[in-house]
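For reference, the structure is listed below as structure tokens.
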Amino acid sequence: MTVAYTSDIHINSSAENSELVNAIRVRLAEIPPDIFILAGDISSSIADIRRAFEFFSDIPCIKLFVPGNHDIWTEDGITSDGKYFELLPRLCEEHGVHPLWMEPYPYGGTVFCGSMGWYDLSLRTHLVPFTDEDYAKKRYHLLTWMDKLRVRFHGGGRVLSDGELTDMLLERYIADCEKSAAKADRIISVFHHLPFREAVDYIGRPGWDYFSAFYGSARFGEYILSNPKISHIFCGHYHRKKSLDIPAPDTSGALSLFMSPFGYYEREGDKPFGEWIKKRLSILKI
Ligand SMILES: [Fe+2]
């Protein structure tokens, strides 16, 4: 099958980012792939996400989406859990996009399973001695990790901690994989947040390494390595393009991880704009 994949289009961040939805639509219509994977972070605005889905609705392929942390930011009294469990699945349904975090997607002998994923400090740096108290602030010098102000994910009548949210999403992801395993020759997984430390660059610079604590959870990776049917992982969140093989204990096949985010055009985009589209909307035959 031919898979086109990307993430982090952040269409409310600049004029160029806003243009991505049309540029992606045009490019996908030219290819077209069997599957288009969008691994989170369209926008913190539901109206923007609706606009993106409207652009993608006539692309002749299967569209799989998982939300990113920006997609669940609170907005006009809408909670993060309200977006994750109600608003975003409804928008997907209305626009022919499959909400992969709500239900696996079978395609021949392959089953796609996905989750937004979250973070629990397990990807924190070992090169700089930050404390739990440092991370609780979600702030390094003048930089605030904005989930602190914009994520309110409720469960059991209260706001969940990052660890509790990770637990809940991991449990749901494992349940999806377990129920899919019997009918799948292989499982391909899609996350927004990262499941492996191998995907992160730790450089020992405090202003950079501090934020690695919010990139994902190694507990997702532990489960992935325990399930030999999981063959490919697509992620977003970390604004660097990468593909890498993860060493797996089971030797039946390599576990491959792919990231192809757009990020923020002004500081991360390939110039000119046409190059950015070519490089960050990636195609893979698997
Ligand atoms: Fe992002």
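Within the range 51-69, the residues that satisfy the criterion of being within 22 Å of PHE112 (Cβ to Cβ) and not hydrophobic (A, V, I, L, M, F, W, C) are SER57, ASP58, PRO60, LYS63, PRO67, GLY68, ASN69.
Do the conditions hold for SER256, that is, is it surrounded by fewer than 20 Cβ atoms within 10 Å (Cβ to Cβ), within 23 Å of ILE174 (Cβ to Cβ) and either in contact (Cβ under 8 Å) with a residue 60 or more places away in the chain or touching a Leu at 6+ places or on another chain (Cβ under 9 Å) (or both)? In short, yes.
The set of residues in the range 30-47 being within 16 Å of the ligand (Cβ to nearest atom) and of a type outside the set (S, T, N, Q) consists of ILE37, LEU38, ALA39, GLY40, ASP41, ILE42. In the condition set (1) within 16 Å of the ligand (Cβ to nearest atom); (2) under 24 Å from SER282 (Cα atoms); (3) in contact with a Phe, Trp or Tyr (Cβ under 6 Å, 6 or more places away or on another chain), GLY221 is compliant with all but (1). Of everything listed in (1) free of Cβ contacts under 8 Å to residues at least 40 places away in the same chain; (2) over 27 Å from MET168 (Cα atoms); (3) of a type outside the set (A, V, I, L, M); (4) touching a Ser or Thr at 6+ places or on another chain (Cβ under 7 Å), the single unmet condition for PRO32 is (4). From the list GLU222, GLU275, the lone residue that is charged (D, E, K, R), more than 17 Å from SER18 (Cα to Cα) and in a helix (DSSP H, G or I) is GLU222.
From the list GLY269, GLY216, the one residue that fits, being surrounded by 19 or more Cβ atoms within 10 Å (Cβ to Cβ), closer than 19 Å to ALA4 by Cα and within 16 Å of the ligand (Cβ to nearest atom), is GLY269.
With respect to the conditions (1) over 17 Å from HIS192 (Cβ atoms); (2) in contact (Cβ under 8 Å) with a residue 40 or more places away in the chain; (3) crowded, with 16+ Cβ neighbours inside 10 Å; (4) out of contact with any helix residue (DSSP H, G or I) (no Cβ under 6 Å at 6 or more places or on another chain), GLU75 falls short on a single one, namely (2). Before we move on, is HIS98 over 22 Å from TYR215 (Cβ atoms) and either at pLDDT 95 or above or within 16 Å of the ligand (Cβ to nearest atom) (or both)? Spelling it out, HIS98 is indeed over 22 Å from TYR215 (Cβ atoms) and either at pLDDT 95 or above or within 16 Å of the ligand (Cβ to nearest atom) (or both). Taken together, GLY77, GLY82 contain a single residue that is on the phi > 0 side of the Ramachandran plot and more than 16 Å from the ligand (Cβ to nearest atom), which is GLY77. Pairs are defined by a Cβ separation below 9 Å, a sequence spacing of at least 6 or placement on different chains, a first member in the range 9-25 that is of a type in the set (Lys, Arg), and a second member that is more than 13 Å from the ligand (Cβ to nearest atom); the pairs so defined are ARG25/PHE55; ARG25/PHE56; ARG25/ASP58; ARG25/ILE59. Looking at (1) touching a helix residue (DSSP H, G or I) at 6+ places or on another chain (Cβ under 6 Å); (2) more than 16 Å from the ligand (Cβ to nearest atom); (3) closer than 18 Å to GLY269 by Cβ, can you tell me which one GLU19 breaks? Single failed check for GLU19: (1). State which residue is surrounded by the most Cβ atoms within 10 Å (Cβ to Cβ) when the search covers only the range 57-72 and only residues that are modelled with pLDDT of 95 or more and away from the ligand (no atom under 16 Å from the Cβ). Only one residue tops the list, namely LEU64.
Would you confirm whether any residue within the range 97-113 is under 19 Å from SER7 (Cα atoms), of a type in the set (A, V, I, L, M, F, W, C) and surrounded by fewer than 20 Cβ atoms within 10 Å (Cβ to Cβ)? Yes, the conditions are met somewhere in the range 97-113.
The values are calculated or read from the model by the stated rules, or taken from the named source; none is laboratory data. A quick note: this is a predicted structure, and the numbers were derived from the prediction, not measured. Cβ sites come from the backbone with ideal geometry, for glycine too, and all protein chains shown count toward neighbours.
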